[in-house]
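Participant: Below is a structure I'd like to ask you about.
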Amino acid sequence: MLEHFCECYSDLSGPILCPVLGSIIPLFIPNSRIRPIRLIGLCASLITFLYSPVPRIQFDPSTAKSQFVESLRWLPYENINFYLGIDGISLFFVILTTFLIPICILVGWSGMRSYGKEYITASLIREFLMIAVFRMLDLLLFYVLPESVLIPMFIIIGVWGSRQRKIKAAYQFFLYTLLGSVFMLLAILLILLQTGTTDLQISLTTEFSERRQIFLWIASFASFAVKVPMVPVHIWLPEAHVEAPTAGSVILAGIPSKLGTHGFLRFSIPMFPEATLCSTPFIYTPSAIAIIYTSLTTSRQIDLKKIIAYSSVAHMNLVTIGMFSPNIQGIGGSIPPMLSHGLVPSALFLCVGVLYDRHKTRLVRYYGGLVSTMPNLSTISFSSTLANMSSPGTSSFIGEFPISVGAFQRNSLVATLAALGMILGAAYSLWLYNRVVSGNLKPDFLHKFSDPNGREVSIFLPFIVGVVRMGVHPKVFPDRMHTSVSNLVQHGKFHL
């Protein structure tokens, strides 16, 4: 039996085990030795990142079936297993997760002086949970793991947050996302009663009645919409970003919102195709309103983090329009913007973090003329602003253009509103950049200026390379995703 247990664990991927080991080892090191703890956390996250592209190299893009499937018996009497696999849709989400965690550790390298051991442990546990979510093929654990991600995020916001309202923001983030997921649990229990298993692949081949599909779809929608977030359940996101430390904002922008969109692609759309088609107007309306509303709201904000947070909501609601456009252009086009959204807002939050570390304020009115005192940061901010505007040649453009095409085939009015949102996005992005970087210096408020140091530049560089790489040579993404997306469209009997 021990041999079987060890064999099962030896089959589990390095990206699952390495963060777990990296989070356990620091617990046995005294708090006074913070440098070895940081090095262990960084090495564990880097090893995980270096290992994560291996499945992409060995990945067979000609099949839509889950690959590298691994199973560990968990609750055999209830037919519930720790069942892992990966396909063309989830492949790059794992890579994105492993890419962001080492950066978050580097961002907090000198800033997290208090409870440094706990910060490293929370970061690595969060990485393990998020990788497991994207690879999970069991419905019950597909519910449990995303909710478990809330715990380290709650701790990071509540303990290392930057303001007095950090506890309120942490509770708001936790309760919003947790309460929405209760309905998801009810849906999984109903599926278990009908199919006798929580195996996702078996559930995908099960036919549900139209009435049951609608009920299950609504239950899953309540869970995933909060995580995206969609309007009007988006209030927690700007507050969480404002109160979170810079590293917390980077990971909050990069991964948790993808848990919602990934849930739609993995669960709601393929499992309940008839309900998905019926609910398309229900998705289009709030998403289109959200794009316009949040774009206009962004231009009224005075906090740099809130501006980026509301911009993030607009971009993610554009993604939902693509996902629920029942054609290959919309669904396939929605995936690259999710990946780009893990890079662009994260880079912008890092720019804000650099400013806050030096000047201890995020209010827009205190900034101006930074191009003459911080030219390197101004250049980095400009490249990130171009990507946020979805300029051609950047990572955002390659997905938002197919989304517009797919949405236009379904509803020309929604596509027009989405395009208007993109124009508004370009307007407030240029306004913000001009306000902060151009103009005159304000020496009455800001006194000491220093460009990003070597560590900070090395953190920015991977984001710039990733944004340009995705924008200039995006072929690797449709090559790996096309079969899985086509299968999703055909399974739902949508229009190619």
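Participant: For the chain, with the dipole built from +1 on Lys and Arg beta-carbon atoms and -1 on Asp and Glu ones, taken about the Cα centre, which of A418, T285, F460 lies farthest toward the positive end?
Facilitator: Positive-end residue among those listed: F460.
Participant: Within the accessible area of the range 249-383, what % is carbon and sulfur when the probe is 1.4 Å and the other protein chains stay in place?
Facilitator: That share works out to 64 percent.
Participant: Continuing with this model, one more query. Ordering D479, D303 by how much accessible area each has at a 1.4 Å probe, largest first, what is the list?
Facilitator: Reading off the accessible areas and sorting them downward yields D479, D303.
Participant: A follow-up question, please. Suppose every K and R has +1 on its Cβ and every D and E has -1 on its Cβ; what is the size of the dipole of the range 150-269 about the Cα centre, in Debye to the nearest 20?
Facilitator: Dipole size: approximately 340 debye.
Participant: What nm distance separates the two modelled labels at V457 and R300, each placed 7 Å from Cα along Cα→Cβ?
Facilitator: Inter-label distance under the simple model: 4.1 nm.
Participant: I need the chymotrypsin sites (Phe, Trp or Tyr not before Pro) found in the range 402-469, filtered to DSSP loop residues with at most 11 other beta carbons within 10 Å of theirs.
Facilitator: none
Participant: So, one more: Would you mind telling me the share, in percent, of accessible area of the range 121-187 contributed by carbon and sulfur at probe 1.4 angstrom?
Facilitator: 75 percent
Participant: So, one more: Excluding ligands, DNA and RNA, what is the solvent-accessible area per residue of the chain at a probe of 1.4 Å, expressed in Å²?
Facilitator: The answer is 40 Å² per residue.
Participant: Show me the ranking of peptides 379-386, 258-265, 167-174 by mean Cβ neighbours inside 10 Å, starting with the highest.
Facilitator: 258-265, 379-386, 167-174
Participant: Can I ask one more? Name the residue from H241, G180, L129 whose Cα lies farthest towards the positive end of the charge dipole of the chain, charges +1 on Cβ of Lys and Arg and -1 on Cβ of Asp and Glu.
Facilitator: H241
Participant: Relative to the present Cα-Cα distance, how much length would full extension add between L204 and D479 at 0.36 nm per residue of separation?
Facilitator: 96.6 nm is the gain from fully extending L204 to D479.
Participant: Given a cut-off of under 8 Å on Cα pairs at least six residues apart, what relative contact order in percent is computed for the chain?
Facilitator: Taking the mean separation of contacting Cα pairs over the length of the chain, I get 15 percent.
Participant: Go through E400, E207, E118 and list them by solvent-accessible area, largest first, probe radius 1.4 Å.
Facilitator: My answer, sorted largest first, is E207, E118, E400.
Participant: When a/c reaches 1.5 or more, the comparison of a/b and b/c decides; with that in mind, is the range 183-289 rounded, prolate or oblate per its Cα gyration tensor?
Facilitator: Prolate, because a/c is 1.5 or more and a/b exceeds b/c.
Participant: Suppose only helical runs count, i.e. DSSP H with n ≥ 4. What mean residue ellipticity at 222 nm does that imply for the chain under -39500 (n - 2.57) per run, divided by all residues and rounded to the nearest 500 deg cm²/dmol?
Facilitator: Taken over the chain, the calculation gives -23000 deg cm²/dmol.
Participant: Heavy atoms only, probe 1.4 angstrom, no DNA, RNA or ligands counted: give me R38, R165 ranked by accessible area, highest first.
Facilitator: R165, R38
Participant: Quick one: divide the alpha-carbon radius of gyration of the chain by 2.2 N^0.38 Å and tell me what you get.
Facilitator: 0.94
Participant: Which value, in debye to the nearest 20, gives the size of the charge dipole of the chain about its Cα centre, when Lys and Arg are +1 and Asp and Glu are -1 at the Cβ?
Facilitator: Charge dipole, the chain, about its Cα centre: 1600 debye, nearest 20.
The values are calculated or read from the model by the stated rules, or taken from the named source; none is laboratory data. Keep in mind that this is a model prediction, so the values were computed, not measured. So basically every Cβ, Gly included, is an ideal-geometry build from the backbone, and we count neighbours across all protein chains shown. The accessibility values were calculated without ligands, DNA or RNA, using every heavy atom of the protein model including side chains. Shrake-Rupley method; radii C 1.70, N 1.55, O 1.52, S 1.80 Å.
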